[in-house]
Amino acid sequence: MLYLTAKTLRLDTTICIGCGTCAEVCPHAVFEIVKPKARIVATERCMECGACARNCPVKAIAVKTGVGCATGLINRALGGSGECCCEQAGCG
Amino acid sequence: MTEGCCGGAPAIRPWVPPPGFILGQHQTPVGMVSCLSTAWTRRDYLGALAMRLGIGRDGYRVDPGLYAIGVPQTDAPVLVTANYKLTLDHLRRALVGRSVWLLVLETAGINVWCAAGKGTFCTQELLDRIGVVRLDKVVTHRRLILPQLGAVGVSAPAVARAGPWRVHWGPLRAIDLPAYLDAGCIATPTMRRMLFPWFDRLVLTPIELRQQARTAFILAGVMAVLMLLIADLPTWTSRWPIAVAIPLTAWLAGCLLGPICLPLLPGRAFSVKGALLGLVVAAAWACVADTVMMLVAIVLIMSVATSYFFLHFTGCTTFTNVTGVERELRLALPVQGVVLLIGLVLWSLALAKG
């Protein structure tokens, strides 16, 4: 199942050291390690969770993160708290 | 437990472990910790059901801190998790026959993935909690096993810079933990891939239905009132259930049928998937339309309402991205608004003619 392709994922291969952390933490196998570097192989599966960027030891990855939740975005647009639908443990 | 900091907020009730949750106390070099059962009681099953129905979610948490499963010694693995009781229940049930330490972080009773996204399952809370429970005195190693989804909030490099502790990323799902541990903390690719099978989608539907219920009933009210004001009395008396049933059918389609049939719905945008589903469901209502105008009104209203309700499911999936949802909303919401308006105008005109 695919959603609209995320457009904010960036990998700077000049900084990348090919450690494999991004491939390890990504829940959608967006990255592959083709030594000595990582490579984005499936942008269309990226959900912009930010796990890769947060854990890259050399900060070679950037992505705009947030919760892909229409309810929260609509709330915020209406001047609300922007709190996502799962104000508690609803999503899981 | 923390008190409300702003005066008016009520204090969180002290957590009382339910019967059967704690088996006893386990000795550690820094004192006793509670040893958790790996079995679910009837209360745990009812609690899981309540969570899926959205009942009592706020209080379904445990105290953060260190717990034992089995008889862990100073070399036993340390598994880190959130203090949402349902998370903990799934975790301990997967550890039957094992001896491990559980380090439970304070995430305000929210599951790992959501808490990581919100910033409560984070590097600082992890480091603080390690200090509070004096983990360095409890185990001789310095390895922490975190759920993979915790990577959204915890930075393994930052943990490494702050001290001797090293983060190892465990599998996505608790049920894969035994295999992961037996393999020497090695995960297979399957353990690292997030899927969204039909059962995982199904359990989200009660809460979806609840969250969209108000909008659905308001729309039903609007359509019923329009019929009351415009149509003659015999029409109103015999056909008002249709005015109510159309939006409620869209509600069921968008919040129940849509999630279940997600892989079958064409298109990538959820508003499109929902609209197509609404179109199909509208075919079932075609028979109640006695004029072409009424038929078009029903088709438009059903499609746009289903589209709107299904759009909200984006927040429950495991694969939607935030910039994509923003792009979708910018186009979908205005279009839905216009189409709904046209639909209601046609509805009114059709009632006036008939």
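Laboratory data are not the source of any read-out in this text; all were calculated from the coordinates shown. Not measured: the values here are computed from a predicted model. Every residue, glycine as well, gets a Cβ built from its backbone with ideal geometry; the counts of neighbours run over all protein chains shown.
Calculate the length of the line joining the C-alpha centroid of the stretch B:23-43 to that of the stretch B:243-269, in whole Å. First find each Cα centre; the distance between them is then 45 Å.
Each residue of the stretch B:198-210 was assigned a 3J(HN,Hα) from its phi angle through the Karplus curve 6.51 cos²θ - 1.76 cosθ + 1.60 (θ = phi - 60°); the sequence is 4, 5, 4, 6, 4, 5, 8, 5, x, 5, 4, 4, 5 Hz, with glycine and proline shown as x. Counting neighbouring Cβ atoms within 10 Å and putting the fewest first, the residues B:Met51, B:Met191 line up as B:Met191, B:Met51. Report, in degrees rounded to the nearest 10, the 0 to 90 angle that the Cα long axis of helix B:233-252 makes with the longest principal axis of chain B. Orientation of helix B:233-252: about 30 degrees from the principal axis.
Under the simplified labelling scheme, the B:Phe217-B:Cys185 pair shows an inter-label distance of 5.2 nm, with each label point 7 Å from Cα along Cα→Cβ. Legend: ranking of residues B:Arg57, B:Arg143 from fewest to most surrounding C-beta atoms inside 10 Å; resulting order B:Arg143, B:Arg57. Multiplying the residue separation of B:Val280 and B:Cys261 by 0.36 nm and removing their Cα-Cα distance gives an extension gain of 5.6 nm.
Per residue of B:146-153, other chain Cβ atoms within 10 Å of the residue Cβ number 5 on average. With a ≥ b ≥ c the root eigenvalues of the C-alpha gyration tensor of the stretch A:23-64, is it rounded (a/c under 1.5), prolate (a/b larger than b/c) or oblate? Cα axes put the stretch A:23-64 in the oblate bin.
Projected label points at A:Thr5 and B:Ala39, each 7 Å from Cα along the beta carbon direction, are separated by 5.4 nanometres.
Excluding the site residues themselves, the longest part of chain A lacking any trypsin sites (Lys or Arg not before Pro) in a DSSP loop with at most 16 other Cβ atoms within 10 Å is A:8-58.
For peptide B:324-333, how many partner chain Cβ atoms fall within 10 Å of a residue's Cβ, on average? Other-chain Cβ atoms within 10 Å of each residue's Cβ, averaged: 5. Near B:Gly163, once Lys and Arg are set to +1 and Asp and Glu to -1 for all other residues with Cβ below 11 Å from its Cβ, the sum equals +2.
Count the net charge of all other residues whose Cβ sits under 12 Å from the Cβ of B:Thr87, scoring Lys and Arg as +1 and Asp and Glu as -1. That works out to +4.
Helices in chain B, meaning DSSP H runs of at least 4 residues, each add -39500 (n - 2.57). Divided by all residues, the mean residue ellipticity at 222 nm is -15500 deg cm²/dmol. Per-residue mean of foreign Cβ neighbours for B:300-312 is 1 (Cβ atoms of other chains, 10 Å radius). Electrostatic bookkeeping for B:Ser34 treats Lys and Arg as +1 and Asp and Glu as -1; over the other residues with beta carbon under 13 Å from its beta carbon, the sum is 0.
Distance from the Cα centroid of the stretch B:138-214 to that of the stretch A:17-86 is 15 Å (rounded to whole angstrom). Applied to the stretch B:332-347, the Karplus parametrisation 6.51 cos²θ - 1.76 cosθ + 1.60 on θ = phi - 60° returns per-residue 3J(HN,Hα) values of 5, 4, x, 4, 4, x, 5, 5, 4, 4, 4, x, 5, 5, 5, 4 Hz, with x for Gly and Pro. Residues in the stretch B:187-196 carry Karplus couplings, in order, of 9, 7, x, 4, 5, 9, 9, 7, 10, 9 Hz; the curve used is 6.51 cos²θ - 1.76 cosθ + 1.60 with θ = phi - 60°, and Gly or Pro positions show x.
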